[in-house]
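The numbers here are math on the coordinates, done by the rules we state, and not lab data. Since the model is a prediction, treat every value here as computed from it, not as a measurement. So basically every Cβ, Gly included, is an ideal-geometry build from the backbone, and we count neighbours across all protein chains shown.
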Amino acid sequence: MTSTKDQKKPGKWGRRTVRKHHAGYEVRVSAGTDPVTGRRMVLQGTASTVREAEKLRTKLLAEADTYRSARTNASLGHLLDRWLPQHDVDENTRESYESLIRVHIRPGLGDVALTALVRKSTETVEQSYGELRRCRDRCNGRTLIDHRADGEHDCADAGCRTHVCRPLAAATVGRIHVVLSAACRPALRWGWIPFKPMDAVRQPSKPKPSPRPPMPAETARLVEEATRQSPEWGPYLWLAVVSGARRGEMLALRPRSRRGRHGGSPELCLGREKDPKNQTDRALATRVR
């Protein structure tokens, strides 16, 4: 680069452009056509000197040529809107994903462009995870009021309180990570992004489960006491112990679920019956004496 004047490569769009911008220089590089909107994709950045502008131009050209930049200007929120309706999951899981997107993902990451997500996925997403682990409402240390009523109201009468930060559980952040990772897979197939940026993102570590089941002798006493209190409650508790069924499976037990010698229990979730999570029938006794 030998001049501070605008420099363009001949062509319909001008593959690269460097122009004076305030106290520095603005660099713009054409990166093809957006598959979502059909518009031209442009990578851009600013530099303070001519030499830095030349280096930035070379870097942006390399990103465009090696597909290290996203191929669309669509936002993460738009990707989630396109992905979730065609994602093959049961109704309860879909509602769970919708809640995570509405409450936790869209407020913090919904407007993030896929170009920014691809180039700075680790910084962008891990910062969002950190904010949620500090406060699920992303208060950022500000003094807020948790209002208990909508519209104009008297906070004293409505019982509004000063905001107290409540961190989002690591397990919930892990589910958010699952949603984002699942949404990036079809985006890669559709050609919106050149690779899965979520592979580089570290999700918060979850505490290891530490169950403390009762000893066999204690379990026997529990079943005996339950049987003494109720003829139905004792066998039900015994069946839960020997089958190892999930809580939802135990709640969904019905006489009609018996099939010959082996009975497969469905699972009850939010008032709806569905197949067990592992899609495996359990061998249950058809008669308890």
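Annotation: the residues R119, R148, sorted from fewest to most other C-beta atoms within 10 Å of their own C-beta, follow the order R148, R119. Taking the Cα centroid of the range 208-234 and of the range 106-153, what is the distance between the two, rounded to the nearest whole Å? So the two Cα centres are separated by 44 Å. Each residue, R138 and T162, gets one label point 7 Å from its Cα in the Cβ direction; the gap between the two is 2.5 nm. Qualifying GluC sites (Glu not before Pro) in the range 80-158, where qualification requires a DSSP coil assignment and no more than 12 other C-beta atoms within 10 Å, comprise E152. Once C-alpha pairs closer than 8 Å and six or more residues apart are averaged by separation and normalised to the residue number of the range 76-200, the relative contact order reads 28 percent.
Taking square-rooted eigenvalues a ≥ b ≥ c of the alpha carbon gyration tensor, is the range 94-197 rounded, prolate or oblate, where a/c under 1.5 means rounded and, failing that, a/b exceeding b/c means prolate? Because a/c hits 1.5 or more and a/b exceeds b/c, the range 94-197 counts as prolate. Fewest-first ordering of I105, I145 by other beta carbons within 10 Å of each residue's beta carbon gives I145, I105. Available extension along the chain between E225 and R51 is 54.4 nm, counting 0.36 nm per residue and deducting the alpha carbon span.
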